[in-house]
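Shown next, in structure tokens, is the structure this report addresses.
Quick note: the coordinates plus some simple rules give every number you see, no bench work behind them. What you see is a predicted model, and the numbers here were worked out from it, not measured in a lab. Heads up, the Cβs are rebuilt from the backbone with ideal geometry, glycines too, and the neighbour counts pull from every protein chain shown.
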């Protein structure tokens, strides 16, 4: 982490800094993918058990995609119907607007022998589109749709050879603290089998992606450097709603990089 000398400039984080994206929502998946494109060490967690039940999808994808609980899709697309009734209905946006250019490129890189077909229905968007994104090399092994976050606290930064018990309680004013996430259910990485550290995740930055504001306990006051929320803009058009989320993501990472002009969605000159 780097602290800018001017208080009005954002704090920055250089790759491969550690980022936890909380929310395996469409915008959460996109935020994790964007970070991986820039070289950050990203972990994507469901964060909370807020997804509406749906019998029509694979069990491992129950918490991937829209929550359908007071999110944009619940308010503007379900139209009072059950999810399973609308599972095979057309998407509320054109297929080429349902996935970002980064997502399409990441999927295409995995399928060199066959172009990826764009999703047409909600089922295809979640089970083929979003699932294909989290299965790419950039995100494989980094996505935990069965892991919930009970609390997020600030913790002193550890020296390379220092254990959490040795770090002490006082936060150095010159060094931004890490975040310590208290987890439950699916352990992170290969550290299961009752290991206490598997129930925690330490990171330098947190991005909460389209989850309720009270999804977990925050043991610090907001605003806090390196803690971000990507929230619904509640626009009437689905494509514009997604694009507004992508714009928020680009703004967060531009701030972390200390480069106001950084935008991976901007068309490249050829």
Inset, instruction - In whole angstrom, note down how far apart the Cα centers of the range 82-154 and the range 212-268 are. - result: 18
Legend entry - residue 175 paired with residue 214, simple spin-label distance in nm, labels 7 Å along Cα-to-beta-carbon: 3.7
Legend entry - Fewest-first sequence of 83, 175 by Cβ atoms within 10 Å of each Cβ: 175, 83
